[in-house]
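> Here you go, one structure.
The values are calculated or read from the model by the stated rules, or taken from the named source; none is laboratory data. Computed from a prediction, not measured in an experiment: that's the story for all the values here. Here the Cβ is made from the backbone with ideal geometry for all residues, glycine too, and neighbour counts use every protein chain on show.
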Amino acid sequence: MYPAPIEAYFAPRSIDEALQCLAEAGDDATFIAGGMSLMQAMKARLVEPRVLIDLNEVEELRGLARGPRSLTVRPMTRYRELAATSALHGALQALGDAAATVGDRQVRNAGTIGGSLCWNYVASCMPSACLCLDATLVLASLAGGTRSVPIKTFLVGPLETARRDDELLIEIVFPASIRRGVGSAYRKYGGAVDGLPIVGIAAQVEVDEAGLCTHARFSVGGILPTARAFDGVGEILRGRPGTPAAFAEAAAAAADAIETQGDHLASAGYRRVLIRTLGRDVLAEAHARASNGAGR
Amino acid sequence: MKKEITVTVNGEAITHTVPLRLLLVDFIRDECGLTGTHVGCTYEGRCGACTVQVDGRALKSCMKLAVQADGKEVTTVEGLAREDRLHNLQKAFSRYHALQCGYCTGGILMNAVDFLNENINPSEDEVRRALVGNLCRCTGYSHIVEAILAASAMRHGLKPVPPPAETEPAP
Ligand SMILES: Cc1cc2nc3c(=O)[nH]c(=O)nc-3n(C[C@H](O)[C@H](O)[C@H](O)COP(=O)(O)OP(=O)(O)OC[C@H]3O[C@@H](n4cnc5c(N)ncnc54)[C@H](O)[C@@H]3O)c2cc1C
Ligand code: FES
Ligand code: FES
């Protein structure tokens with residue numbers, strides 16, 4: 001399998017240069033990040049970019065930066081780096097969990113968080129993890145400067161996002177106050193170890209000094225049209241101690257409320273069972289991390 | 001549609017003019033004539049037989065374009081041995097019978113060498129997990145896992161678990 005002919009290839013070294021390349025190349029120009037989705041699509045001729053703009057040499061698109069109340073992850077940060085960093089411990093650990101279990105180690109050496117979010121494949125891990133952790137995406141274009149889009153608005157549908165064709169994703173910003181008692185976790189179930197998620201679940205739990213849940217976020221990936229959050233979990237858990245019964249009740253409510261699809265991988269009913277069981281376990285793990293003083 | 005690139009392959013700088021859509025795996029096999037890098041699945045990026053190292057990191061070379069390796073160091077399985085001396089991991093693969101047909105072996109070696117650089121003392125579970133991106137249709141993986149653990153132990157000067165006993169062929 002071979003990509004269709006490519007007319008031009010650029011490897012810019014800065015954000016400005018990348019945007020310039022895009023503006024000059026116009027239609028049919030495509031950014032390539034880790035290539036873990038795009039190369040498959042090019043070889044299958046699902047996409048036939050005339051011009052490729054390679055982001056791998058843009059140093060300023062890589063790495064993490066901590067602010068007073070936030071953590072910024074730049075889009076070309078690879079899964080390997082996210083899985084290894086201690087910067088996510090505590091409140092944002094769901095992102096580290098998700099990155100550590102994407103595909104296999106060769107995929108984690110190449111694939112990026114930004115590529116995964118911009119591709120927004122149904123069976124993927126970054127969209128649901130970033131939705132749970134309430135990310136804000138910063139997009140830049142030559143004409144429009146920068147704009148910030150909440151992840152909930154950004155994720156539109158299968159292979160569809162709110163990114164305009166002339167925009168480059170430059171930052172993924174997570175709220176990360178230095179409050180204690182916040183923990184998060186991500187787990188998925190797929191057909192093989194570290195395989196594409198039939199269902200993937202992220203949860204973030206906040207506890208007070210008495211060990212009562214003060215806040216919880218819960219999101220599900222692997223479902224159509226795109227990863228979704230379920231606020232009901234937070235309402236059910238608020239003010240309650242983190243007991244197995246409470247987590248089971250909250251996850252069951254999510255499984256009942258979230259519409260799921262049946263496909264060749266799993267029936268809709270099976271997906272609901274996964275949301276119930278994985279959801280209960282992920283909530284327990286996030287709660288345990290919160291209670292251990294994670295998020296400090 | 002074409003571009004001149006210079007890639008350092010196993011220590012030797014190679015300059016070629018290549019079509020932009022040429023895959024790195026085809027550059028390695030067809031342009032450099034290094035056929036130890038295999039193609040086992042052609043496009044899903046699943047089998048890992050095409051794994052090489054680019055600047056020291058294990059990557060599937062069917063998932064990269066050759067032009068993306070311009071200016072980089074590529075190491076293939078042919079670059080593991082030093083003159084006549086096999087790499088420790090290659091010796092361990094031989095001693096532990098970690099290959100049968102050998103189709104997957106080049107890719108597994110290139111992935112495992114990167115893995116052992118990253119994890120200096122892996123557990124069996126970690127080794128198995130590191131092999132998720134490499135399919136082997138022959139061995140059932142057990143001997144591959146043993147060989148990688150043995151190579152890791154050799155590096156620490158520890159005595160590796162002995163290889164499975166040789167059985168005498170029936171007279
Ligand atoms: C064998 C295998 C197993 C996998 N398993 C999993 C799994 O378990 N879970 C999972 O979630 N994923 C999995 N994936 C997919 C993987 O996560 C991809 O890395 C990811 O989907 C795309 O990221 P990328 O960096 O490779 O982006 P690319 O494939 O390079 O790009 C994807 C798209 O995003 C666009 N893009 C990239 N960066 C930017 C940017 N900064 N601004 C604007 N547009 C941009 C590109 O133009 C392209 O359209 C797997 C892939 C493979 C090959
Ligand atoms: S040929 Fe199978 S992963 Fe590259
Ligand atoms: S030895 Fe035959 S595929 Fe691995």
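> If I ask for residues that are crowded, with 18+ Cβ neighbours inside 10 Å, in a strand (DSSP E or B) and more than 12 Å from the chain's Cα centre (by Cα), which ones from region A:191-213 would you list?
Kept after step one, since they are crowded, with 18+ Cβ neighbours inside 10 Å, are these residues of region A:191-213: A:194, A:196-207, A:213.
Filter once more, keeping what is in a strand (DSSP E or B): A:197-207, A:213.
Selection gives A:Pro197, A:Ile198, A:Val199, A:Ala203, A:Gln204, A:Val205, A:Glu206, A:Val207, A:Cys213.
> Something else about it: Please work out which residue is farthest from ligand 3 (Cβ to nearest atom), limiting yourself to region A:99-124 and to residues that are more than 18 Å from A:Arg74 (Cβ to Cβ) and more than 14 Å from every other protein chain (Cβ to nearest Cβ). Talk me through it step by step, then tell me what you get.
Quick first cut of region A:99-124, residues more than 18 Å from A:Arg74 (Cβ to Cβ) only: A:100-101, A:103-107, A:120-124.
So of that shortlist, the ones also more than 14 Å from every other protein chain (Cβ to nearest Cβ) come out as A:120, A:122, A:124.
Details: A:Asn120: 34, A:Val122: 31, A:Ser124: 29 Å.
That would be A:Asn120.
> Please enumerate the residues belonging to region B:53-73 that are assigned to a strand (DSSP E or B), in contact with a Lys or Arg (Cβ under 9 Å, 6 or more places away or on another chain) and within 10 Å of ligand 2 (Cβ to nearest atom). Can you show your working first?
Quick first cut of region B:53-73, residues assigned to a strand (DSSP E or B) only: B:53-54, B:57-60, B:65, B:73.
The next check asks that each one be in contact with a Lys or Arg (Cβ under 9 Å, 6 or more places away or on another chain); those that pass are B:54, B:57-58, B:60, B:65.
Once the filter is applied, which keeps residues that are assigned to a strand (DSSP E or B), in contact with a Lys or Arg (Cβ under 9 Å, 6 or more places away or on another chain) and within 10 Å of ligand 2 (Cβ to nearest atom), region B:53-73 yields only B:Lys60.
> Next up: For region A:167-184, name all the residues that are away from ligand 1 (no atom under 16 Å from the Cβ) and under 18 Å from A:Val73 (Cα atoms). Spell out how you get there, then give the answer.
First, pick out the residues of region A:167-184 that are away from ligand 1 (no atom under 16 Å from the Cβ): A:174-184.
Within region A:167-184, A:Phe174, A:Pro175, A:Ala176, A:Ser177, A:Ile178, A:Ser184 qualify.
> Right, next: Go through the residues of region B:42-58 one by one and say whether even a single one is touching a residue at least 60 places away in the same chain (Cβ under 8 Å) and either in contact with a His (Cβ under 7 Å, 6 or more places away or on another chain) or more than 21 Å from A:Met36 (Cβ to Cβ) (or both). Before you say what the answer is, go through the steps one by one.
Let us first name the residues in region B:42-58 that are touching a residue at least 60 places away in the same chain (Cβ under 8 Å), namely B:46-49, B:51, B:53, B:56.
Imposing the further condition that a residue be either in contact with a His (Cβ under 7 Å, 6 or more places away or on another chain) or more than 21 Å from A:Met36 (Cβ to Cβ) (or both) reduces the set to B:49.
Looking for residues that are touching a residue at least 60 places away in the same chain (Cβ under 8 Å) and either in contact with a His (Cβ under 7 Å, 6 or more places away or on another chain) or more than 21 Å from A:Met36 (Cβ to Cβ) (or both), one finds at least one in region B:42-58, hence yes.
> Could you tell me whether any residue of region B:69-81 is surrounded by fewer than 17 Cβ atoms within 10 Å (Cβ to Cβ), of a type in the set (Val, Ile, Thr) and more than 10 Å from every other protein chain (Cβ to nearest Cβ)?
Checking region B:69-81: not a single residue is surrounded by fewer than 17 Cβ atoms within 10 Å (Cβ to Cβ), of a type in the set (Val, Ile, Thr) and more than 10 Å from every other protein chain (Cβ to nearest Cβ).
> OK, next. Would you point out the residue of region B:62-97, among those that are under 11 Å from the mean Cα position of the chain (by Cα) and among the hydroxyl-bearing types (Ser, Thr, Tyr), that is farthest from ligand 3 (Cβ to nearest atom)?
Within region B:62-97, the match that is farthest from ligand 3 (Cβ to nearest atom) is B:Thr75.
> Filter region B:106-145 down to residues that are aliphatic (A, V, I, L, M) and within 9 Å of ligand 3 (Cβ to nearest atom) and give me whichever is surrounded by the most Cβ atoms within 10 Å (Cβ to Cβ). If you could, list the steps in order and put the result at the bottom.
Restricting attention to region B:106-145, the residues satisfying the condition of being aliphatic (A, V, I, L, M) are B:108-110, B:112-113, B:116, B:120, B:127, B:130-132, B:135, B:144-145.
If we keep only those that are within 9 Å of ligand 3 (Cβ to nearest atom) too, we end up with B:108, B:135, B:144.
Numbers: B:Ile108: 30, B:Leu135: 17, B:Ile144: 27.
By that ranking, first place goes to B:Ile108.
> Something else now. Pull up region B:20-65, narrow it to residues that are hydroxyl-bearing (Ser, Thr, Tyr) and touching a strand residue (DSSP E or B) at 6+ places or on another chain (Cβ under 7 Å), then point me to the one that is surrounded by the fewest Cβ atoms within 10 Å (Cβ to Cβ).
As a first pass, look at region B:20-65 and keep what is hydroxyl-bearing (Ser, Thr, Tyr): B:35, B:37, B:42-43, B:51, B:61.
With the extra rule that they be touching a strand residue (DSSP E or B) at 6+ places or on another chain (Cβ under 7 Å), the set shrinks to B:37, B:51, B:61.
Values: B:Thr37: 25, B:Thr51: 32, B:Ser61: 30.
My answer is B:Thr37.
> What are the residues in region B:43-52 that are within 7 Å of chain A (Cβ to nearest Cβ) and in a strand (DSSP E or B), if any? Break it down into steps so the answer makes sense when it comes.
Taking region B:43-52 and keeping what is within 7 Å of chain A (Cβ to nearest Cβ), we get B:43-45, B:48, B:51.
If the condition is that a residue be within 7 Å of chain A (Cβ to nearest Cβ) and in a strand (DSSP E or B), then B:Thr51 is the only one that fits.
> A follow-up question, please. Can you run down the residue pairs with Cβ atoms below 6 Å, 6 or more apart or on separate chains, where the first is in region A:210-228 and among the basic types (Lys, Arg) and the partner is at pLDDT 95 or above?
That search, which allows pairs on different chains as well, returns A:Arg217/A:Cys132; A:Arg217/A:Gln204; A:Arg228/A:Val220.
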